[in-house]
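*Asks:* Below are the structure tokens for one structure; questions will follow.
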Amino acid sequence: MNVLKSRCKIFAVVVVVVVVVVVVVVPVVLAVVLVVVPVVVVVVVVVVREVVVVRVVVLVVVRIVVPVVLVVVVVVGLVVVVVVVVVIAVVVVVVAAAEAVVVVVAAVVTLFIETLYSFSSYHWRVSGVE
């Protein structure tokens with residue numbers, strides 16, 4: 001039973017770490033991407049706006065690459081959150097099932113031992129050896 005408790009504690013720590021990563025790290029990364037990418041694009045536009053080729057590249061980046069990157073980052077973040085929630089739910093169900101199995105096995109073993117004890121006690125009383 002102590003092994004089960006220690007594993008549950010380890011699982012709880014893992015769940016807390018995963019939740020902190022999902023709740024804190026993913027939004028921070030998304031915010032950095034959402035802020036840094038436009039700032040870099042604006043700096044590039046301001047610094048080298050005189051070159052025609054750079055203008056075309058900047059337009060392509062601003063019109064196509066930035067929105068695609070933002071959509072990908074948001075979708076990946078949402079997928080990560082969904083996967084983490086599903087994994088946590090599955091692990092909780094598995095741990096609950098394992099605990100139920102342990103309780104049932106313990107009950108069966110206890111019943112078996114009590115039955116053996118009762119039988120042996122009865123046997124010794126009947127035979128007069130007690």
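*Asks:* Could you check the simple spin-label distance between residue 114 and residue 28, using points 7 Å along Cα→Cβ, in nm with one decimal?
*Replies:* 5.4 nm
*Asks:* Can you tell me how much longer the chain between residue 40 and residue 20 gets when fully stretched, taken as 0.36 nm per residue apart minus their C-alpha distance, in nm with one decimal?
*Replies:* The residue 40-residue 20 span can extend by a further 4.3 nm.
*Asks:* Right, here's the next one. Using the Karplus equation 6.51 cos²θ - 1.76 cosθ + 1.60 (θ = phi - 60°), what ³J(HN,Hα) coupling, rounded to whole Hz, does each residue of segment 93-99 give in order, writing x for Gly and Pro?
*Replies:* So the J values, rounded to whole Hz, are 5, 5, 5, 5, 5, 5, 5.
Since every read-out is calculated from the coordinates, none of them should be taken as a lab result. Just so you know, these numbers come straight off a predicted model, no measurement behind them. Please note: Cβ atoms are built from the backbone with ideal geometry, for glycine as well, and neighbour counts cover all protein chains shown.
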